[in-house]
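Trainee: One structure coming up, written as structure tokens, with questions to follow.
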2 protein chains.
Amino acid sequence: MVFVHVYILNVMALLLYVYYTSESAHSPTDSGALPPSGQGAAPPQGQHLSPPAPSPEPVSKQQHDTVLGRLRRLEGIKVGHRQKVDLVPNKIHYLKTLSLKPLLFEIANFLSEEECKLVIHLAKLKGLQESQIMPSDIQQEAIDEMDISKEEIFNLLDYNQDGQLQMKEVLTHTRFGDGVWITPENIREIYTGLEADPDGNGLLSLEEFKQLNTNAFQTYLRQRGVQKTELVRNSKHTWLYQGEGAHQILRAIRRRVIRLTQLPPEIVEHSEPLQVVKYDQGGHYHAHHDSGPIYAETSCFHTKLVANGSTPLETSCRYVTVLFYLNNVSGGGETAFPVADNRTYDELSLIQNDVDLRDTRRNCDQANLLVKPLQGTALFWYNYLSDGEGWVGEQDEYSLHGGCVVTKGTKWIANNWINIDPDVQRQIQFQQAVSKYTHEEAPAEWAVDNIYKDLHVEL
Amino acid sequence: MVFVHVYILNVMALLLYVYYTSESAHSPTDSGALPPSGQGAAPPQGQHLSPPAPSPEPVSKQQHDTVLGRLRRLEGIKVGHRQKVDLVPNKIHYLKTLSLKPLLFEIANFLSEEECKLVIHLAKLKGLQESQIMPSDIQQEAIDEMDISKEEIFNLLDYNQDGQLQMKEVLTHTRFGDGVWITPENIREIYTGLEADPDGNGLLSLEEFKQLNTNAFQTYLRQRGVQKTELVRNSKHTWLYQGEGAHQILRAIRRRVIRLTQLPPEIVEHSEPLQVVKYDQGGHYHAHHDSGPIYAETSCFHTKLVANGSTPLETSCRYVTVLFYLNNVSGGGETAFPVADNRTYDELSLIQNDVDLRDTRRNCDQANLLVKPLQGTALFWYNYLSDGEGWVGEQDEYSLHGGCVVTKGTKWIANNWINIDPDVQRQIQFQQAVSKYTHEEAPAEWAVDNIYKDLHVEL
């Protein structure tokens with residue numbers, strides 16, 4: 001609940017931030033010529049944004065080379081390229097490049113059938129929860145609290161600044177659905193239900209927009225009732241702790257992921273635990289980014305306590321996603337990358353003539369890349385680009401992906417995310433603190449592993 | 001003349017090679033898991049292909065790390081990314097990423113106005129020659145000599161194996177034009193002139209094809225007469241020696257190219273000299289690759305004498321192109337990259353509905369990327385991918401580019417190519433031999449610099 005609350009605030013703050021800093025909006029890692037942290041964008045003028053977080057112990061650029069080293073980033077070479085990787089003794093694995101944007105690989109037989117079965121078994125033992133709660137009234141206040149005028153919101157939404165909100169301009173901000181996935185039909189339905197578009201031209205003028213309550217869309221949908229299949233995400237999931245003392249298979253998977261990604265073991269060891277996801281027949285997850293864009297003010301969930309920062313923009317800073325297929329699916333359930341290796345990326349052009357490419361219940365067949373689930377296969381991709389200096393750079397927008405609707409049977413997958421702060425100083429502070437607490441054997445309250453560990457029943 | 005002769009033979013041999021080895025046709029560097037040389041593809045069965053060249057002094061994989069090091073390859077990050085480069089004391093240059101496929105950068109003010117003027121001046125002093133000679137009778141025999149049946153040729157051309165040659169299947173093999181750029185109109189004209197397509201459906205059946213003389217197209221065009229604007233390339237050029245003792249500005253440019261590309265100085269120093277090209281009004285260069293694909297049997301012009309190999313497949317092995325704009329052009333003359341950052345590359349789909357994207361007299365406006373000439377600006381791109389192990393890999397087909405027609409004024413450019421053998425052993429042998437001869441102060445006859453030096457009047 002708290003999470004959703006923060007999320008909505010984040011989205012609005014992000015919109016404001018982008019709006020107010022549109023002249024100077026570059027991520028701190030936008031140019032290789034800039035120092036790695038905090039100086040890339042002018043401090044935003046928006047009232048909801050805090051000043052840059054102070055760095056109590058500044059760490060020089062040099063230091064990151066010695067403490068954590070440059071991050072290894074695999075080479076994709078070209079689509080279809082195959083390279084051998086050494087993951088397990090006496091076994092050969094191949095990394096096959098599926099796309100360059102995002103940099104995405106497939107590894108067949110990454111997990112054995114037994115390992116897949118065991119992970120599913122452990123997840124069932126622990127118990128799964130709904131991945132997305134149904135819209136409730138809690139968030140409503142969150143938005144009401146925000147001091148933004150109707151004109152400001154309209155301006156933010158009116159991407160092409162023609163004084164009218166087109167269908168795609170409303171659809172792009174699916175957050176208005178408050179967790180409900182909005183389709184063109186929904187919008188027409190809501191316009192009619194609310195009499196929001198009296199001239200019936202499918203466009204909202206500022207005058208028409210002003211007549212609407214701030215939460216008109218949400219309120220309408222809540223009253224009308226929402227099906228699970230209408231949510232952004234229709235699945236159940238749980239988290240399996242992978243740290244020291246965890247089940248040997250879970251430890252083995254973590255070690256294998258370290259060998260696969262070639263990222264520093266100490267970073268992988270303090271990343272999120274394994275997420276196991278179950279999609280029942282009819283389940284889906286519309287296309288999304290696993291981690292958000294980075295602005296000067298953005299902080300990472302995993303480092304924010306250590307870095308002592310408090311900002312309204314937060315994201316999970318998942319540099320890498322490793323997705324495991326735990327079973328063979330009888331029908332559907334492909335992973336779709338709608339814009340993989342597209343020549344350009346433009347959020348608005350994802351929606352063309354009522355066809356929303358992000359919609360994984362309807363339009364998976366139009367995705368640039370579709371991966372069929374195959375038990376034991378792993379996908380591995382980067383959600384962020386390189387900054388050109390061996391660290392995490394900007395978000396890779398092409399990493400947009402989703403889970404196509406399961407038409408028959410059940411789909412089980414697991415996700416390993418590797419969390420790295422694009423601000424190298426903050427990541428180093430985090431690692432130093434984790435390492436200190438680990439050695440003192442005191443509970444590291446703010447370590448991601450333990451946050452998730454506390455949230456759920458232990459195995 | 002000899003060059004063209006060899007070229008035609010190469011093309012035919014290549015066609016045969018690809019045909020006979022289509023089951024196992026991978027370049028030796030196709031997979032990172034394979035050793036770097038000569039073991040990637042099964043020896044071709046074609047009668048015109050020699051056995052693999054023996055390596056008199058085998059050099060181990062390890063050795064290349066110590067002798068030449070891994071080749072540095074710059075990071076593109078994303079289109080529009082800017083990174084600072086340190087090229088000249090007290091001056092800041094930026095490398096701007098223009099595309100990732102090919103990996104292509106633009107550097108403004110790489111040369112000063114004075115340097116541009118001096119290079120043009122030196123080229124004029126030396127004298128320029130036509131870049132392409134008009135079709136003559138010499139090559140005719142070359143093809144006649146080859147022992148290939150009509151059926152075999154037909155089969156090679158019939159890409160989709162439907163038993164008919166479509167327009168695009170003939171157009172793709174522009175070599176049939178013998179240096180003349182063939183357009184759909186040309187083909188229709190030739191079909192009519194030769195009465196080659198009696199049923200007039202625009203397709204050639206095997207029966208129709210068999211009626212044609214091997215050199216029918218060439219003979220027809222030669223009799224009908226060809227304009228310079230109908231050639232593949234309509235320009236003049238010369239070569240400026242850049243080795244020790246060359247003009248200080250030419251030396252300075254070479255040093256700057258070394259800093260830009262970060263490739264081993266000893267490799268750059270023994271690459272081709274500077275090519276200066278002049279396009280008069282009406283001049284153009286249809287889209288092409290600066291260097292060809294690499295098969296197991298392919299040898300490089302610059303290493304073939306040292307490597308003692310004799311193969312019918314040869315190419316220039318230009319790993320990198322650095323192109324300099326020496327003046328501002330009054331009209332046209334853009335550099336076009338028709339398929340830069342395309343999602344896929346397919347030679348045949350370059351020609352759609354009579355529109356040939358490679359045609360820089362007609363279709364530059366449809367290129368994915370167009371670069372306007374600006375005095376002093378340099379373009380820098382890789383014609384080959386990485387092999388994933390720090391060396392030169394497969395040809396990057398997306399590096400296809402051409403010079404759009406100059407509609408007003410004159411266009412002056414210069415090219416620096418960096419020649420590296422994709423077979424690391426052969427490159428090492430070449431470097432060792434060059435270095436030995438240089439130290440003994442004997443003329444290194446086979447060094448590329450000197451080949452070109454001898455061919456032209458010295459400054």
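Trainee: Could you tell me which numbered condition B:GLN425 fails, if it satisfies all but one of (1) under 30 Å from B:GLN375 (Cβ atoms); (2) at pLDDT below 95?
Mentor: Failed condition: (1).
Trainee: I've got another one for you. If you go through the range A:158-181, how many residues are part of a helix (DSSP H, G or I) and either within 22 Å of the chain's Cα centre (by Cα) or more than 17 Å from A:ASP197 (Cβ to Cβ) (or both)?
Mentor: Residues meeting the conditions: 9.
Trainee: With (1) surrounded by fewer than 23 Cβ atoms within 10 Å (Cβ to Cβ); (2) within 14 Å of chain B (Cβ to nearest Cβ) as the list, and A:THR410 as the residue in question, which single condition is left unmet?
Mentor: Only one criterion is unmet by A:THR410, namely (2).
Trainee: Follow-up question, since we're still on this one. Give the residues of the range A:76-115 that are part of a strand (DSSP E or B) and within 11 Å of chain B (Cβ to nearest Cβ), sorted by residue number.
Mentor: Selection gives A:ARG82, A:GLN83, A:LYS84, A:VAL85, A:ASP86, A:ILE92, A:HIS93, A:TYR94, A:LEU95, A:LYS96, A:THR97, A:SER99.
Trainee: May I pose another question? Which of the residues belonging to the range B:330-346 are surrounded by fewer than 14 Cβ atoms within 10 Å (Cβ to Cβ) and either assigned by TED's automatic domain parsing to the domain that holds B:HIS173 or within 19 Å of the chain's Cα centre (by Cα) (or both)?
Mentor: Correct list: B:ASP346 only.
Trainee: Taking the criterion of being at pLDDT 95 or above and either among the small types (Gly, Ala, Ser) or touching a His at 6+ places or on another chain (Cβ under 6 Å) (or both), would at least one residue in the range A:58-79 satisfy it?
Mentor: So far as the range A:58-79 goes, yes, one or more of its residues are at pLDDT 95 or above and either among the small types (Gly, Ala, Ser) or touching a His at 6+ places or on another chain (Cβ under 6 Å) (or both).
Trainee: Give the residue, chosen from B:GLN262, B:GLN281, B:GLN248, that is under 16 Å from B:CYS116 (Cβ atoms) and surrounded by fewer than 19 Cβ atoms within 10 Å (Cβ to Cβ).
Mentor: Step by step, each of B:GLN262, B:GLN281, B:GLN248 is checked, and only B:GLN248 is under 16 Å from B:CYS116 (Cβ atoms) and surrounded by fewer than 19 Cβ atoms within 10 Å (Cβ to Cβ).
Trainee: Are any residues in the range A:186-233 under 25 Å from A:ARG358 (Cα atoms), among the acidic types (Asp, Glu) and crowded, with 17+ Cβ neighbours inside 10 Å, and if so, which ones?
Mentor: Hit for the range A:186-233 is A:GLU230, nothing else.
Trainee: State whether one or more residues within the range A:270-280 are of a type in the set (Ser, Thr, Tyr), within 17 Å of A:GLU130 (Cβ to Cβ) and touching a Lys or Arg at 6+ places or on another chain (Cβ under 9 Å).
Mentor: yes
Trainee: Among the residues of the range B:301-338, write down those that are under 26 Å from B:LEU95 (Cβ atoms) and without any contact (Cβ under 8 Å) to a residue 60 or more places away in the chain.
Mentor: B:ASN328
Trainee: Farther than 30 Å from A:ASN368 by Cα, away from chain A (no Cβ under 14 Å) and either touching a helix residue (DSSP H, G or I) at 6+ places or on another chain (Cβ under 6 Å) or surrounded by fewer than 24 Cβ atoms within 10 Å (Cβ to Cβ) (or both), is that true of B:CYS364?
Mentor: no
Trainee: Does B:VAL406 satisfy being in contact with a His (Cβ under 9 Å, 6 or more places away or on another chain) and β-branched (Val, Ile, Thr)?
Mentor: It is true that B:VAL406 is in contact with a His (Cβ under 9 Å, 6 or more places away or on another chain) and β-branched (Val, Ile, Thr).
Trainee: Moving on. Within the range B:161-215, how many residues turn out to be without any contact (Cβ under 8 Å) to a residue 12 or more places away in the chain and over 22 Å from B:VAL232 (Cβ atoms)?
Mentor: Result for the range B:161-215: 11.
Trainee: Looking only at the range A:335-361, how many residues end up being more than 19 Å from A:HIS284 (Cα to Cα), assigned to a loop (DSSP other than H, G, I, E, B) and away from chain B (no Cβ under 14 Å)?
Mentor: 2
Trainee: Mind counting the residues in the range B:392-406 that are within 12 Å of chain A (Cβ to nearest Cβ) and assigned to a loop (DSSP other than H, G, I, E, B)?
Mentor: Qualifying residue count for the region: 1.
Trainee: Name every residue in the range B:367-386 that is in a loop (DSSP other than H, G, I, E, B), within 14 Å of chain A (Cβ to nearest Cβ) and crowded, with 20+ Cβ neighbours inside 10 Å, in order of residue number.
Mentor: Within the range B:367-386, B:ALA367, B:ASN383 meet the criteria.
Trainee: Can you tell me which residue among B:TYR325, B:TYR319 is within 24 Å of B:LEU231 (Cα to Cα) and either outside the structural domain of B:GLU115 (by TED's automatic domain parsing) or surrounded by 23 or more Cβ atoms within 10 Å (Cβ to Cβ) (or both)?
Mentor: Answer to the check: B:TYR325.
The values are calculated or read from the model by the stated rules, or taken from the named source; none is laboratory data. All values reported here derive from a predicted model rather than from experimental measurement. Cβ sites come from the backbone with ideal geometry, for glycine too, and all protein chains shown count toward neighbours.
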